[in-house]
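All remarks here apply to the structure that follows.
Rule-based calculations on the coordinates, nothing more; no lab input. Note that the structure is predicted; figures quoted are calculated from it, not measured. Cβ coordinates were reconstructed from backbone atoms using ideal geometry, including for glycine residues, and neighbour counts include every protein chain displayed.
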Amino acid sequence: MKYELVIIMIFYVLTQLADFILEYSNRRYLEKHGAEIPDEFKGVITPELMERSKNYTIAKIKYGGYSTVCNQLITLIFIFGILDYYNNYLFDRFNSFKDTGNFILGGLIFMMALTYAKTFLNLPLNLYRVFNLEKRFGFNTMTFKLWLLDILKGFVVSSILFSIMIVGAFWLIEKLPDIWWLPVWGFFVAFTIFVIYISPYVLEPLFNKFTPIEDKELEKEIESVLAKGGITVRGVYRMDASKRTRHSNAYFTGIGRVKRIVLFDTLLERLSKEEILAVLAHEAGHCKKRHVFKNLVIFEALTAPGAFIAFLMLEKSDWLTRVFGLTHDTFFAKFILLSFVATIVLWGMPPFFNAISRHFEKQADKFVVRIIGSGEALASALVKLSVENLANIHPQRLYAKFHYSHPPLLQRVRYLKRFQVAEAKKSAD
C-alpha cells in the first residue's frame, strides 16, 4: 500500500473517531443532565416529558450512528472494491470517454448510476426513521403511500436537477478544457440561484400545500409587524406539515421578489397569537438581514478556490489514480476519489458554517426584540416548541459547536432576556 494512501486512511480513521467521540460525549452528557429542568422550563415541562425527550434524543443518536456506519461502509466498499471495475466497464463502453459526446453521456451515466444506487441503499434507513423512530415517539403522521410518493417525486426532481448540473458542467469541461474551473463554478452559482428562486413556487408545492393565513385579524397584525420592520415579502403562508409530521417549525425561503415566510400548520395550532407574531418576526429578521443571500455569497466564495483545486487535481495530475491504484486514469473516477479525500480534508468546516448560522440566528432574535419590543413571546414560543418537538435542552457544548446551526435552546432563551434588558437600558438612557 502506497504511503500516501496510508496517510489518507489514518486521517479518515481519525475523523471518524472524532465524530464518534463527539456523539458519545453528547450522549453521556445527556444521560447525566437530561433529567434537570431549567428554571425557564419549570411549569411547562414535566419530569416525564424530560425523560421522553432524553429517550428521543438517544434514539436519534443511535439511528445516526447506524446510518453513519452503513454509509461509510458503502463508501469504503465502493472505493476499494468496486470503483476500479465500474470505471473499467464504462471506460470500455464509452471508448475511453474521449470521443465527442461520449464524455458527457458517459459522465452522466457514471454519476447518475451512483446517485441512484446510494438512494436505493439508503431506503431501509429512511423507512426505519419514519415508521419506527418517529412513529414510536408520536411524530410521524405519514402513510406508507405518501412516503412512497414523496420518494418517487424526490427521485424525479433530483434526477432532473442533478442531470442539468452534470450535463452543463461536463459540457463546459469538454469545450473549455484549459480553464473549465471558472465557468463551471459560475454555472453552479447561477444554477443555485435559479433553484433558490424557483423553489418556493415550483419545487416546494410538489410536496406540500401552501395557503395564505386564514385568520384575518392575525393577517393584519402580521402586515403591521412586517411594515414596522420595513420588510417586503411575497406572502406569509401556512404549510400542511401535519400530513407528514407533528413537529413544528417556520422558515424563510426564496430570494428577490419571491421571498416568503412559511409557518407549519402545527405551529399555528400550538402557539398563541403573540408567539406566532414573534416567530414570524424572527423569520422576517432573516429576510431583513439578507441571510439567504449572505450564506450564498459565503459558500460560493469558498467554493471558488475549491473549484480551482479540483481543476488541478482532475485535469493536471494523475496522483489520485496512482494512489488508489486505478487501472484507467478517468476524470469521473478521479472526481469520486477527490470527493472522498475532500470529506476528510474539510472535516473541520461544519463548525465554521454553523458558527455563522448561529450568528445569523442571534441577529434575527435581536430583530424580534427591536420590532416587537420584547423577547418574551419568542422565548415562550421556543420553550413550547422544544417541548412539543422533544428537543434536547442539554447538548454537550463542543458537540453543539460542531453540529448545531442554531444556538442551544437554553442559551438562546437566556440571551433573549439579556438582550431585552440591554435594549430597555438603551431606551432609558
Response to the item:
Expected vector for segment 295-312, Karplus 3J(HN,Hα) from phi with 6.51, -1.76, 1.60 and θ = phi - 60°, integer Hz, x for Gly and Pro, equals 4, 4, 4, 4, 5, 5, 5, 7, 7, 4, x, x, 5, 5, 4, 4, 4, 5
Fill in: In degrees, nearest ten, helix 181-198 long axis to first principal axis of the chain (Cα)
40 degrees
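I need the calculated FRET efficiency for the pair Ala227 and Ile10, taking r as the beta carbon distance and R₀ as 56 Å, to the nearest 0.05.
Details: r = 58 Å, r/R0 = 1.04.
That gives a FRET efficiency of 0.45.
Percent relative contact order of segment 180-321, based on C-alpha pairs within less than 8 angstrom and at least six residues apart?
On the way: 146 pairs, mean separation 36.6, N = 142.
Relative contact order for segment 180-321 comes out at 26 percent.
When the chain is fully extended, how far beyond the present Cα-Cα distance does Ile74 get from Phe293, taking 0.36 nm per residue of separation? If you can, show how the numbers build up before the last one.
Details: separation 219, 0.36 × 219 = 78.84 nm, distance 3.51 nm.
Between Ile74 and Phe293, full extension yields an extra 75.3 nm.
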Discussion item. For the pair Ser242/Ser272, report the inter-label distance in nm, with labels modelled 7 Å from Cα in the Cβ direction.
Written reply: 2.1 nm
Worksheet item: Reachable aspartates and glutamates from Lys216, Cα under 17 Å, same-chain residues fewer than 8 places away excluded?
Response: Asp265, Glu269, Glu274, Glu275
Practice prompt. Check the straight Cα-Cα distances from Lys316 and name the aspartates and glutamates below 12 Å, setting aside those fewer than 8 residues away within the same chain.
Written response: Asp178, Asp329
Practice prompt. Go through Lys228/Lys259; Lys118/Lys153; Lys228/Lys362 and tell me which ones have a Cα-Cα distance over 27 Å in this structure.
Written response: none
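Against the empirical 2.2 N^0.38 Å scaling, what ratio does the C-alpha Rg of segment 328-429 come to? Walk me through the intermediate numbers first.
On the way: Rg = 19.8 Å, N = 102, 2.2 N^0.38 = 12.8 Å.
Here the Cα radius of gyration is 1.55 times the empirical estimate.
How would His33, His282 line up from fewest to most surrounding beta-carbon atoms within 10 angstrom? Show your work: numbers first, answer last.
Numbers: His33 13, His282 25.
Listed from fewest to most nearby Cβ atoms, that is His33, His282.
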Worksheet, complete the sentence: For segment 14-27, in residue order, the Karplus 3J(HN,Hα) values (coefficients 6.51, -1.76, 1.60; θ = phi - 60°; whole Hz; Gly and Pro = x) are 5, 5, 5, 5, 4, 4, 4, 5, 4, 5, 5, 5, 5, 5
Worksheet entry | Correct choice for Cα extents along the principal axes in Å that was computed from the model, options [x] 161, 95, 71; [y] 72, 50, 48; [z] 65, 48, 46 | [y]
Worksheet item: Near Lys32, which lysines are there with a Cα under 18 Å away, not counting those fewer than 8 places off in the same chain?
Response: Lys54, Lys60, Lys62
Item to complete: Could you calculate the contour length gain from Leu125 to Lys32, that is, 0.36 nm times the residue separation minus the distance between their Cα atoms, to one decimal place in nm?
Response: 30.6 nm
Worksheet item: Taking 0.36 nm per intervening residue step and subtracting the Cα-Cα distance, what contour gain separates Leu146 from Phe210 on full extension?
Response: 21.3 nm
Worksheet item: According to a simple spin-label model (label point 7 Å from Cα along Cα-to-Cβ), what is the distance in nm between Leu346 and Leu218?
Response: 4.0 nm
Worksheet item: By how many degrees, between 0 and 90 and to the nearest 10, does the Cα long axis of helix 216-228 differ from the longest principal axis of the chain?
Response: 70 degrees
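After finding the eigenvalues of the alpha carbon gyration tensor for segment 1-156, what semi-axes result from the square roots of 5 times each, listed largest first in whole Å? Numbers along the way, then the final one.
Working: eigenvalues 354, 115, 23 Å².
Working from the Cα gyration tensor, I get semi-axes of 42, 24, 11 Å.
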Worksheet item: How much of the calculated P(r) for segment 178-327 lies past 24 Å, in percent of all Cα pairs?
Response: 48 percent
